[in-house]
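Presented below is the structure to which this report refers.
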Ligand code: SF4
């Protein structure tokens, strides 16, 4: 596994569970608002050692409930199923954060998982303008169909920002509601860490203040932790701890 970051303890990345988050290196998409650009190259410059990380998780048995694979895009890596098995063998529940880039890989992975957080970024036809990849919307929505049929608990997350006008966000919410998605979370866009000091460049999106009037399962909230810069392996929670609101993968 190519690991670009690690958060040893979080209570917000797996609903109801205390979890560690493993940030997988690499993503095939290039969303304009990506909060973790250092995780996008398939081969990062400062990777953590997977075997050493397994040892850390081994020592945390009984302290943590779950391990979440996030990214980047975890399903990019062919050895993810084996990594999931290794973690499950230690007794942890396993969660996955994914943008749904690889539905066939996701289908093979689902029987190994306990929970999934899936990004649905937009209506399918609008994905390429955001991700830079033709067909990316169809893949994400196919992944959603797989999850709907899997019986697994899952959450759909949508990052809200200037890229998603309010009228389209409403259409997206209605479409998900028609699919009877029981957990849909709206989360505000965050700029990449390198641009956080220049917030003026990221004027607040008109839609960030919008809340669906009658969609009790949708909320504007942060969904999960993010590492900030290549994380040193297994450092104190203080250094690698979640740092305020973050956007989806
Ligand atoms: S936001 Fe997620 S899917 Fe988009 S480029 Fe970043 S890691 Fe990849």
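Read the figures in this text as sums done on the coordinates, not as results from a lab. Owing to the predicted nature of the structure, the values given are computational and were not obtained by experimental measurement. Note that we place each Cβ from the backbone using ideal geometry, even for glycine, and neighbour counts take in every protein chain shown.
Before moving on, here are some points about what is shown:
- The Rg/Rh ratio for region 1-120, using Cα coordinates for both the radius of gyration and the Kirkwood hydrodynamic radius, is 0.93.
- FRET efficiency estimate (nearest 0.05) - Cβ-Cβ, residue 11 to residue 55, R0 25 angstrom: 0.60
- By the beta-carbon count within 10 Å of each Cβ, the least crowded to most crowded order of 141, 50, fewest first, is 50, 141.
- One Cα centroid belongs to region 18-64, the other to region 95-154; the line between them spans 19 Å.
- Shape parameters for region 44-86, alpha-carbon atoms, Rg then Dmax in Å: 11.4, 33
- Counting only DSSP beta bridges with both residues in region 1-158, the antiparallel share comes to about 25 percent.
- Normalising the average separation of contacting C-alpha pairs (under 8 angstrom, six or more residues apart) by the number of residues puts the relative contact order of region 40-166 at 21 percent.
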